[in-house]
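J.: Here it is: the structure, laid out below.
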Amino acid sequence: MPAPTLDQVAPNGSVNLSDSPSTLDDATFDSLFPADGPAPSVAPAPQVQTQPQPNVAPSTPNPASVAQPQPQPDQYFLKGRTSVYKTAEEAQRGVDEKDAVIEQMRQRYALVTGIDPLTGKPLGAVAAPQDNNYQTNPNQYLNDLVEAAKSGQPQAYTSVQTKFINDTLAPIAPLVERAAKEQALEAVAREYPEAPKFIGTQPYQRALQANPELKEAITVAEHDLRFHSRLPGLYKLAFLTGQGLQLPDILKANTPSNPNPPAPTRPTTANPSTIPAPTAGKAPSLKTIDGIRATIAEMEGKGVSLEF
């Protein structure tokens, strides 16, 4: 049977054979019916629906598989042979408690034995005085000199050197003091010849007791070569002070003791005399040099001889 022509093929794919010619060429047949056949239609891939996973609790890790933290060493503020303090407050409290216990045990032991357990010496024993003399203890001089240099204070260095001079002159210090005292008395004697005889007497001691500051100044000036030059003025002040303290006794000793003094004569009109009016003023004070001199002049003006 010949292949149907193109006109005999209906749109729906059916072939009308009634109108088809008796023959169908090969080209037309191959175009209508290829050897491989029509391309197969590919069905779309089915969609896969994912089911929601149920809530599952997280698995607990194996303790053996987790790295364990390394233990940290103990932290402390102060550590001794037997005592460990973690904070400064604990250290302070511990030291205070131990000091209290040690002092209590020390007192108990000392009361029983009479010996201090820390020093090993009997109670009441006086410690040997430290040798601070630079001539007999040169190490002390060197240490003080180094400390003065470290301080950077000129006064500290000067004090060390002054002590070195005083310690060096200590063997002849009495001779130096005696010479300074003699020179001071000679200087005062040029103005007050009786002053050298006054120094060292009982009135001189009374004058120093009445003026403690003057006594201290004289004592320092007599023993410290830095103040030897002030001795003349201090001796002069002590002499005048002593004379002022003796003045009441001098006035009392020179006052006439006549029980019947002559009556004063009354002036007559024929020979009137002018009586000076008493001058009003403040009485001179015996605590000052000017007051002493004014009192002496007044007494001498009344005929009282003041010789001393």
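The values are calculated or read from the model by the stated rules, or taken from the named source; none is laboratory data. No experiment lies behind these values; they were computed from the predicted model shown. Cβ sites come from the backbone with ideal geometry, for glycine too, and all protein chains shown count toward neighbours.
J.: Which residues, counting only those in segment 205-233, are in a helix (DSSP H, G or I), within 21 Å of Y192 (Cα to Cα) and not small (G, A, S)?
T.: Q205, R206, L208, L214, K215, I218, E222, H228, R230, L231, P232
J.: Could you grab me the full set of residues in segment 135-160 that are outside any helix (DSSP H, G or I) and either out of contact with any Ser or Thr (no Cβ under 8 Å at 6 or more places or on another chain) or in the same structural domain as R226 (by TED's automatic domain parsing) (or both)?
T.: T136, N137, G152, Q153 - these are the residues of segment 135-160 that are outside any helix (DSSP H, G or I) and either out of contact with any Ser or Thr (no Cβ under 8 Å at 6 or more places or on another chain) or in the same structural domain as R226 (by TED's automatic domain parsing) (or both).
J.: Confirm whether G94 is without any contact (Cβ under 8 Å) to a residue 12 or more places away in the chain, surrounded by fewer than 11 Cβ atoms within 10 Å (Cβ to Cβ) and farther than 30 Å from D167 by Cβ.
T.: no
J.: So is K197 surrounded by 12 or more Cβ atoms within 10 Å (Cβ to Cβ), free of Cβ contacts under 8 Å to residues at least 12 places away in the same chain and assigned to a helix (DSSP H, G or I) or not?
T.: yes
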